[in-house]
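Structure first, commentary second.
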Amino acid sequence: MSKEYVVAVVGATGAVGSRMIKMLEASSLPIKEVKLLATHRSAGKILQFKSQDLTVETTTEQSFEGVDIALFSAGGSVSAKFAPYAVKSGAVVVDNTSNFRMNSDVPLVVPEVNAQALDTHNGIIACPNCSTIQMMVALEPIRQQFGLERIIVSTYQAVSGAGAKAIAETERQIQEVVNDKKDPKDVLAEILPAGGDKKHYPIAFNALPQIDVFTENDYTYEEMKMTKETKKIMADDTIAVSATCVRIPVILAHSESIYIETKTVAPIAEVKAAIANFPGAVLQDDPSQQLYPQAVTAAGHRETFVGRIRKDLDAEKGIHMWVVSDNLLKGAAWNSVQIAETLHERGLVRPTTDLKFDLI
C-alpha cells in the first residue's frame, strides 16, 4: 500500500491557493490530510476539501511538523521565510513564487518538459512564471524534434496575474467607463502596471507594455524571468530568448504570440503532430473553421492550447504560433500539484538530510 501524504497549502485563501485545493481534490496524489495555512488575518476562516470543513491556520515555523508536501503560493517573502522551516521539518516544498527559481540548488520544473530535474531536489522545487510555463509546454515538442535557436515572445497577460486587487481595479474601471461614461484615461489607477512602481495607468480599454518594474537593461523583471527561466528549464544557455510582456483587460488566461527559429527545417504538419501528441498540449488549429485558442475557452482548463501555427514568410526555419493557457491553473496551481504527483510517482517525497537553505 502506497504512503498517504499530509499536504499543506500555504496561502490557502488566495486565488492560486484556492485553486490548489481544487486541484488536490481531483488529484491522483494519495492524500491522508490537507492542512490550510495563511496569514493571521485569514486564520479561522473555514474552507472545504472534498466537502470537509477545514479551518485555516496561521503560518508559523512550527506549522510543518508532520507535513510531507507543502505547496506555497503566498508571496516571495513568505516562501523565503517559511519554506526552509518546512524542509527542516521533513517536508518537500513546491514553491509557486519567484523566490527560489534561479537558485542553483532548486529545480525549476514543468513536469511535461523536465520532470527528471526533480531527481536531484534538495527539498525545494520551484514553479516557473506562469507565462513561461505555457510557452515551455508549447515549444518542448518542437525542441525535441527540431531543436531551437531563437524564441521571440509577446505576451497578452490577464490581470489576474497581478492579484485580486488588480482584478477589482479592472472591473471598477470598466464599469466607470461603460456606466459612468468616464474617459478611459481619467479613471483612477492605483495598482497597474506594477504596484511597486512610481506611476499607475488605467487598464480598462487599454494595453500596458509593462509587467513588473523595469530592470537596468530596460526589460521588465517579467520579461527577464521568461528569458532566464526558459534557458534553465530547457538546460540550454545557447537558445536566444527575448520577451515583451503586455497586460491587457482580460480577467483570466494568458495569451502569447511566439516566433521561433528551429535548428533544422520543421515541416508545419510535423510540428502540429508533435504538439498534438505532447502531454498537456492541445492543438486548436484550423483556419478554415476559424479554430484557434482563445482566453475565454482556455479559462478553467489545465491544458495549454496551441494554434495559428504557420511558417515565417521569409525565414526558412522560422515559425509563428499562438499559445493560450489559464494562468491560475497550468500557470500556477495545477503545475504545483502536478509536480507533487510527479514526486510521488518517482518516489521523491522524502525528507532532505542536507539543509541547503538558510533559516530566517
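The residues of the range 41-100 expose, per residue, 43 Å² of accessible area to a 1.4 Å probe.
For the pair the range 259-322 and the range 83-127, the centres of their Cα atoms are 30 angstrom apart. Among the trypsin sites (Lys or Arg not before Pro) within the range 181-283, those in coil by DSSP and having at most 15 neighbouring Cβ atoms inside 10 Å are Lys181, Lys198, Lys199, Lys263. Its Cα centre serving as origin, the chain has a Cβ charge dipole (Lys and Arg +1, Asp and Glu -1) of approximately 360 debye.
Expressed in Å, the radius of gyration and Dmax of the Cα atoms of the range 132-325 are 17.9, 55. For the range 175-274, the list of GluC sites (Glu not before Pro) that fall in a loop by DSSP and count at most 13 other C-beta atoms within 10 angstrom reads Glu190, Glu216.
With Cα atoms as the point set, the chain shows a radius of gyration and Dmax of 20.6, 64 Å.
Computed in the context of the full set of protein chains, the accessible area of the range 132-325 at 1.4 Å probe radius has 51% of its extent on carbon or sulfur. Taking each of Lys35/Lys330; Lys182/Lys225; Lys45/Lys228; Lys3/Lys165; Lys45/Lys181 in turn, the alpha-carbon distance tops 28 angstrom for Lys182/Lys225; Lys45/Lys228; Lys3/Lys165; Lys45/Lys181.
For the ranges 45-56, 145-156, what's the packing order if you count other beta-carbon atoms within 10 Å of each residue, average per peptide, and put the highest first?
Details: 45-56: 13.1, 145-156: 19.0.
With the highest mean Cβ count within 10 Å placed first, the list reads 145-156, 45-56.
Rolling a 1.4 angstrom probe over the protein heavy atoms, how many square angstrom per residue are accessible across the range 168-207?
Values: 2530 Å² over 40 residues.
Ligands and nucleic acids excluded, the result is 63 Å² per residue.
Given only helices, namely DSSP H runs of n ≥ 4 each adding -39500 (n - 2.57), what is the per-residue ellipticity at 222 nm of the chain, to the nearest 500 deg cm²/dmol? Don't jump to the answer; show the numbers that get you there.
Numbers: 9 runs with 98 residues, N = 360.
Only helices count here, giving -8000 deg cm²/dmol.
The values are calculated or read from the model by the stated rules, or taken from the named source; none is laboratory data. Predicted model only: the values in this text are computed from it and were never measured. We place every Cβ from the backbone using ideal geometry, glycine too, and count neighbours over all the protein chains shown. What goes into the accessible areas is simple: the full protein's heavy atoms, side chains included, and nothing from ligands, DNA or RNA. Shrake-Rupley method; radii C 1.70, N 1.55, O 1.52, S 1.80 Å.
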